[in-house]
Amino acid sequence: MVENNHCLTIYNRERLEVSDVIEILSSTDKEIYIQLSNEVLQIIGERMKINKLSPEDKTLCINGKINGLNYNTKATKKSFLKKVFK
């Protein structure tokens, strides 16, 4: 079993730092999906943008309003038609 050794730090819901990031799966100003060691983290917010990505340190910094976080074992991206007819 692989251990999760990631760390999340949220500053006043305006900045989020995440460690142990493997890959950014998708990114919009309202949702960001990132691959951690063995699960996917969905970050929900407003006006979010990736401020810093360091592949060497596996760290990610996001600025914007952070509204929520969800963990999944795999990404649950919405299809194009679901986004259009939302």
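The values are calculated or read from the model by the stated rules, or taken from the named source; none is laboratory data. Keep in mind that this is a model prediction, so the values were computed, not measured. Cβ placement follows ideal geometry from the backbone for every residue including glycine, while neighbour counts extend to all protein chains displayed.
If you go through segment 29-45 one residue at a time, do you hit one that is exposed (fewer than 13 other Cβ atoms within 10 Å of the Cβ) and free of Cβ contacts under 8 Å to residues at least 24 places away in the same chain? No, the conditions are met nowhere in segment 29-45. Inclusion of Arg15 among residues that are touching a strand residue (DSSP E or B) at 6+ places or on another chain (Cβ under 6 Å) and surrounded by fewer than 14 Cβ atoms within 10 Å (Cβ to Cβ) is not warranted. Residues that are touching a Gly at 6+ places or on another chain (Cβ under 6 Å) and either touching a residue at least 24 places away in the same chain (Cβ under 8 Å) or surrounded by 15 or more Cβ atoms within 10 Å (Cβ to Cβ) (or both) occur at least once in segment 47-55. The condition of being hydroxyl-bearing (Ser, Thr, Tyr) and exposed (fewer than 11 other Cβ atoms within 10 Å of the Cβ) holds for only one of Thr9, Thr59, that being Thr9.
Would you confirm whether any residue within segment 78-86 is surrounded by 13 or more Cβ atoms within 10 Å (Cβ to Cβ) and at pLDDT below 95? No, there is no match, as no residue in segment 78-86 is surrounded by 13 or more Cβ atoms within 10 Å (Cβ to Cβ) and at pLDDT below 95.
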